[in-house]
Amino acid sequence: MVTVFVLFSAFAASAQHIPDTIRIKTIDIFANKIKKEDAGKTITKIDSISMIKSLTISLSDMISQNTTIYIKDYGRGAMATASFRGTAPSHTQVAWNGISLNSPMLGMVDFSTIPVYFTDNVNLLHGSGSLSEKSGALGGVVKLENTTDWQNKFSGRVLTGVGSYGTKDEFFRINGGNIKFQIQTRAFYNYSDNDYRFVNKFIADIDPKTGNYLYPTQRNEDSAYKNYGLLQELYFHPIENSIVILRYWYQHNDRSLPRLLSNETDNNANINRQTENAHRPVAEWKYFGRKGTLNLLVGANVQFTNYQLKTKVLGSEDQIAINSDSRSASYLFKVSYTYKFSDNLSLISGANTDFNKVRSENLPQNGDVQGYDKQRLDHSVYLQLSKSFNDQLSANLLMREDIIGGKSIPLIPSAGIEYHPFANQGYFIKSNLARNFHQPSLDDLYYMPGGNPDLKPEEGLMVDMGTGYEGTLRNIDFHASLNAYYSGINNWIIWLPTPQGYWEPYNMKRVNASGIEFNTGFSGKLYSIDYHFNGNYAFTRSINRDDPRNWADESIGKQLPYIPVHSANFLANFSRSGYHITWIWTYYSERFTTTSNDKTSKLDVLYPYFMNNIHLGKEFCINQNKLDIELKILNLFNEDYRTVLQHPMPGRNYSLLFRYDF
Amino acid sequence: MKVNRLNITLIVLTLFVFAGCMKDDEWIKSHRNSALLPKGVFIINEGNFMYGNASLSFYDPAKREIQNDIFYNTNGLPLGDVAQSMGIHNSLGYIVINNSGKIYVIDTSDGKYVGKITGLNSPRYMHFVNNEKAYITDLYAGKITIVNPITYQITGAISTPNHASTEQMVQWNNFLFVSCWSYDNTILVIDTRTDAVVNEIKTGKQPGGLVLDKYNKIWTLCDGGWAKSGTTSRIPMLQRIDAATQTIEKSFSLTADAKPSRLAINGAGDSLLFINDGIWKLGVNQATIGDHPFLSSANHLYYSLAIDPKTSEIYLSDAIDYMQRGVIYRCSSLGARIDSFKTGIIPGAFCFK
């Protein structure tokens, strides 16, 4: 009975769904004793200040501002992919309350489509630490969780914002219930004309008299975006020691990729548009027994995507050059059982079944439909033994066996160990070692044209070591951690053009990704000012160890394109009597656009990226409720910059937000 | 660790030092030097799709000298996204930038940008009919655009209903033959006096390359398209068309797994080359394609080829991994290597000056 109570109170404690104020102490995040199940893993939890500062932005912006993951951003409101520890976008798995958001078609997640508002906790499991969640995350797992507050009777939040370039943000949340039953509804709507102006120095007309260049001032045309979604959750205690959770997330995205700066097509030509609809239902049942906990989950991630490249023809039907339609669905069944032999020994066993089905078609205006319709059934079973030897030493061992499309792949082991050299102090040393496999996506295997059914899975060997400290020093909550990792990845999948004019994936022999991650933060109070700092730095080497193609190949031993060697970010937040100011700084070092890391042309390198955002605000208390007014100044120094070659980015812009919590 | 007000101020000030130095102006610092371009060959480097890193190189075979990035270095502007082809007319060079929807016009003596034709859709190739008229094919537009190569103005269009893609062009007398490549199997015949489509010739799947031999026969290389999943119904082929009767006279079938590309003809008009893994050669009077390539691929993935019309020397390009500067091999007409040099990303087309 005691165990059940402890489990319940732990569940309730982690379920503080709305931080009361932005001055909330972050100590609750770092003070937890190391769980033996997590021993050796590198886990980053996004703190509550960063969460509340990110409510109206996408997961891509939040991650680039608060973590060591590099986000490759194709423009405001456009696609954004992640590189975690120097790996490819498909190597970062995103798990939302136990279901994978990675499309089985592309293997990756577009982080720009995930609203931070729809999640309560964001945790990163770095590298080999992700194997307890799932296999295949060679970079790591971004874990998104939703929680509830069983004490809640009625509460909610309204958030409304207006911003530059005709941007409107609307968020709404309402929670109601009692100790037995909670219902939570969230919705968002987000629209932007996105038509910022810029001087385009990548094209010029020649002044017929002087011969000088005339650079045009342009607008970011045809880039409006509109996204909306609904998240409905039900939490229920049918009997005292079990919980049933039902969730359904619907989202619609409608946006485009900006045209390149060198583009001089007809204004009505080559307009691209991508429309997505996603449905994600999940049902979960947790049963807390005397010694064991049973967890059953069934869910689905169904995504419909339409991409069109078209030319508007005056007084006639649009001419559609590319019209590609896809339906990508994953149906997931998960069961796991945790048995506690004692406080110092536990065993977790689990099994997952994923049924993935993709239909992808390109429907040209003239000619045959090209595409594929394939499915794959994947199973995974695992067993994890975790032990605390004493208060200072914990270790765990995990074994996972995957059966992918009927073929079993070699056993995946993972081992972690963590040691606290000084009793009752926050110093720690930890290490983790694992093997991992990542399966090709269904597009990799079957895309028409180019898909390569002979692709081998990517195979990684990963080592992780870290040290750090967390605790309180003279009323200052302080934490710092330093990690070093090495991942040798064989059969790395890369898409390359072919002489036939289409792209084809192939297995590179090997990529070695290694690096250092440093995170620190402190918070406290000084002269009645609450302050909070958090900073990250990553050094990333992601090195091509393929066989040279011939004597002329200069890519071997070089950094992979678009992966910065240095990346850093910093957040500082001060508040006093309701007034608050937050400064967010993000930095990436130069990124190469070629595999040979050439620097001969200006197009070979993207210069280092520095971004400064400032938020200023005031919180008012009205009866029991709170009103917060915040002004965000983005790109404070009005920098002209690129994150991807030739994609225009906005200058200084503003956003005004009103948040009302009741 | 005693934190006081001064310390915090210092931390904040130090961090502001890290702010801001991303300057597009630095990036675009114009050189506007003019390159001196003697007799030789322009190499059009496609660059990566959606990267906008196409570039122009120039090779002087007499001195064995290569100049890279000449458009950017001379003009302070990037060439654009996916440079497809180039044609020279009256000492001006017309560079077709496929995914930028434009044609840059340069002075071929010094590489200077003198004008541009903009407002196109997805242009592929340009063919000069006379001093006032040129045709531009397009991958998606469903029309051939007519332009004036002197004024750079669009003067009209030839609609090609049911053929979104128009590709390469070759002219015999007043008739222009146009291959319809993407998802198509047609060669259109256009009367250049009336700008009207006068005939359609059905070919194998996806006819791309188009050349005219010394016997007034037109050759086209059909890459066979892509097999539908689970089928192997591709028949890539080389076909010969009589220009006068506008009918197919002969088809040379290749194997179902062949991926042929880049048909070229020598200056004398009697010998064809194309890439199919290795480099294959076919005399225009030959009855069959042999079993062995003229040059084996060895450890090369050949991307493009061209034949110098005057010397019959062969230029082969290898894009290596397509994400670094590619290499060009210059060979004698018999295939002996004369020189090799690096140019830009994905060297795709050649234009002899």
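The values are calculated or read from the model by the stated rules, or taken from the named source; none is laboratory data. Owing to the predicted nature of the structure, the values given are computational and were not obtained by experimental measurement. For neighbour counting, all protein chains shown are included, and Cβ atoms are generated from backbone atoms with ideal geometry for every residue, glycine included.
Go through the range B:173-208 and report how many residues are basic (K, R) and either outside any loop (DSSP other than H, G, I, E, B) or out of contact with any strand residue (DSSP E or B) (no Cβ under 8 Å at 6 or more places or on another chain) (or both).
As a first pass, look at the range B:173-208 and keep what is basic (K, R): B:193, B:202, B:205.
If we keep only those that are either outside any loop (DSSP other than H, G, I, E, B) or out of contact with any strand residue (DSSP E or B) (no Cβ under 8 Å at 6 or more places or on another chain) (or both) too, we end up with B:193, B:202.
Adding up the residues that qualify gives 2.
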Out of the range B:79-124, which residues are surrounded by fewer than 23 Cβ atoms within 10 Å (Cβ to Cβ) and of a type in the set (F, W, Y)?
B:Y113
Hits in the range B:296-310 (condition: more than 10 Å from chain A (Cβ to nearest Cβ), assigned to a loop (DSSP other than H, G, I, E, B) and within 14 Å of B:R262 (Cβ to Cβ))
B:S297
I need every pair where a residue in the range A:207-223 that is without any contact (Cβ under 8 Å) to a residue 40 or more places away in the chain has its Cβ under 6 Å from the Cβ of a residue that is among the acidic types (D, E) and part of a loop (DSSP other than H, G, I, E, B), sequence separation at least 6 or different chains.
A:L214/A:D207; A:R219/A:D195
If A:G466 meets every condition in (1) crowded, with 20+ Cβ neighbours inside 10 Å; (2) within 13 Å of another protein chain (Cβ to nearest Cβ); (3) not in a loop (DSSP other than H, G, I, E, B) apart from one, which number is that one?
(2)
State the number of residues belonging to the range A:511-530 that are among the charged types (D, E, K, R) and surrounded by fewer than 17 Cβ atoms within 10 Å (Cβ to Cβ).
1
Looking only at the range B:125-154, filter to residues that are within 11 Å of chain A (Cβ to nearest Cβ) and closer than 20 Å to B:A54 by Cα; which one of those is surrounded by the most Cβ atoms within 10 Å (Cβ to Cβ)?
B:D138
Where residues in the range A:422-457 are buried (at least 23 other Cβ atoms within 10 Å of the Cβ) and in a strand (DSSP E or B), which of them is nearest to the other protein chains (Cβ to nearest Cβ)?
A:H438
Working carefully through the options B:I346, B:I314, B:I338, B:I320, find the one that is farther than 24 Å from B:I106 by Cα and within 8 Å of chain A (Cβ to nearest Cβ).
B:I320
More than 30 Å from A:L393 (Cα to Cα), touching a Lys or Arg at 6+ places or on another chain (Cβ under 8 Å) and of a type outside the set (A, V, I, L, M, F, W, C) - does that describe any residue in the range A:471-491?
yes
The lone condition A:S589 fails out of (1) without any contact (Cβ under 8 Å) to a residue 24 or more places away in the chain; (2) under 20 Å from A:P89 (Cβ atoms) is (1)
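Grab the strands (runs of 3 or more DSSP E) fully contained in the range A:543-656, keeping just those with 2 or more residues being modelled with pLDDT of 90 or more and among the charged types (D, E, K, R).
A:609-622, A:625-634
Select, from B:K250, B:K281, the only residue that is assigned to a strand (DSSP E or B) and without any contact (Cβ under 8 Å) to a residue 12 or more places away in the chain. If you could, list the steps in order and put the result at the bottom.
Values: B:K281 fails: without any contact (Cβ under 8 Å) to a residue 12 or more places away in the chain.
One residue alone meets the criteria, B:K250.
Looking only at the range A:24-47, which residues are assigned to a helix (DSSP H, G or I) and either modelled with pLDDT of 90 or more or over 14 Å from A:S523 (Cβ atoms) (or both)?
Here is the first cut: in the range A:24-47, the ones assigned to a helix (DSSP H, G or I) are A:27-30, A:36-38.
Hits for the range A:24-47 are A:K36, A:E37, A:D38.
Before we move on, is A:N613 touching a residue at least 60 places away in the same chain (Cβ under 8 Å), out of contact with any His (no Cβ under 9 Å at 6 or more places or on another chain) and either farther than 30 Å from A:K201 by Cβ or not hydroxyl-bearing (S, T, Y) (or both)? I'd like the intermediate steps shown before the answer.
Details: touching a residue at least 60 places away in the same chain (Cβ under 8 Å): yes; out of contact with any His (no Cβ under 9 Å at 6 or more places or on another chain): yes; either farther than 30 Å from A:K201 by Cβ or not hydroxyl-bearing (S, T, Y) (or both): yes.
Yes.
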How many of the residues making up the range B:100-121 are in a strand (DSSP E or B) and facing another protein chain (nearest Cβ under 10 Å)?
8
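Table: residues versus (1) crowded, with 20+ Cβ neighbours inside 10 Å; (2) among the aromatic types (F, W, Y); (3) over 20 Å from the mean Cα position of the chain (by Cα).
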position	(1), (2), (3)
B:D191	no, no, yes
B:V198	no, no, yes
B:W219	yes, yes, no
B:S233	no, no, yes
B:A243	no, no, yes
B:I265	yes, no, no
B:W280	yes, yes, no
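Picking from A:N267, A:N277, which residue would you name as being more than 25 Å from the chain's Cα centre (by Cα) and surrounded by fewer than 20 Cβ atoms within 10 Å (Cβ to Cβ)?
Working: A:N277 fails: more than 25 Å from the chain's Cα centre (by Cα).
Testing whether each residue is more than 25 Å from the chain's Cα centre (by Cα) and surrounded by fewer than 20 Cβ atoms within 10 Å (Cβ to Cβ) leaves just A:N267.
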Being at negative phi and over 20 Å from the mean Cα position of the chain (by Cα) is the filter here; which residues of the range B:206-217 pass it?
B:D213, B:K214, B:Y215, B:K217
Could you check, for the range A:138-158, whether at least one of its residues is more than 15 Å from the chain's Cα centre (by Cα), modelled with pLDDT of 90 or more and among the small types (G, A, S)?
yes
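Given A:D628, A:D546, A:D640, which one is within 9 Å of chain B (Cβ to nearest Cβ), more than 17 Å from A:Q65 (Cβ to Cβ) and buried (at least 19 other Cβ atoms within 10 Å of the Cβ)?
Sole residue among the options that is within 9 Å of chain B (Cβ to nearest Cβ), more than 17 Å from A:Q65 (Cβ to Cβ) and buried (at least 19 other Cβ atoms within 10 Å of the Cβ): A:D546.
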Give the range A:227-271 a look and list any residue that's over 18 Å from A:L309 (Cα atoms) and among the basic types (K, R), or say none.
A:R247
Count, please, the residues in the range B:311-325 that happen to be out of contact with any Lys or Arg (no Cβ under 7 Å at 6 or more places or on another chain) and part of a strand (DSSP E or B).
4
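Can you go through A:N277, A:N295, A:N268, A:N344 and tell me which one is of a type in the set (S, T, N, Q) and either within 14 Å of chain B (Cβ to nearest Cβ) or under 30 Å from A:F202 (Cβ atoms) (or both)?
On the way: A:N277 fails: either within 14 Å of chain B (Cβ to nearest Cβ) or under 30 Å from A:F202 (Cβ atoms) (or both); A:N295 fails: either within 14 Å of chain B (Cβ to nearest Cβ) or under 30 Å from A:F202 (Cβ atoms) (or both); A:N344 fails: either within 14 Å of chain B (Cβ to nearest Cβ) or under 30 Å from A:F202 (Cβ atoms) (or both).
Matching residue, one of A:N277, A:N295, A:N268, A:N344: A:N268.
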B:T155 fails exactly one of the following numbered conditions: (1) polar (S, T, N, Q); (2) in contact with a strand residue (DSSP E or B) (Cβ under 9 Å, 6 or more places away or on another chain); (3) farther than 29 Å from B:I106 by Cα. What is the number of that condition?
(3)
So, A:D325, is that one part of a strand (DSSP E or B), more than 14 Å from chain B (Cβ to nearest Cβ) and more than 24 Å from A:P413 (Cα to Cα) or not?
yes
When restricted to A:Y427, A:Y419, A:Y382, the only residue within 22 Å of A:D38 (Cβ to Cβ) and touching a Pro at 6+ places or on another chain (Cβ under 7 Å) is A:Y427
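Provide a single number: the residues in the range A:644-655 that are polar (S, T, N, Q) and at the interface with chain B (Cβ under 10 Å from one of its Cβ atoms).
Filtering the range A:644-655 for residues polar (S, T, N, Q) gives A:646, A:653, A:655.
Okay, now just the ones that are also at the interface with chain B (Cβ under 10 Å from one of its Cβ atoms), so A:646.
Within the range A:644-655, residues that are polar (S, T, N, Q) and at the interface with chain B (Cβ under 10 Å from one of its Cβ atoms) number 1.
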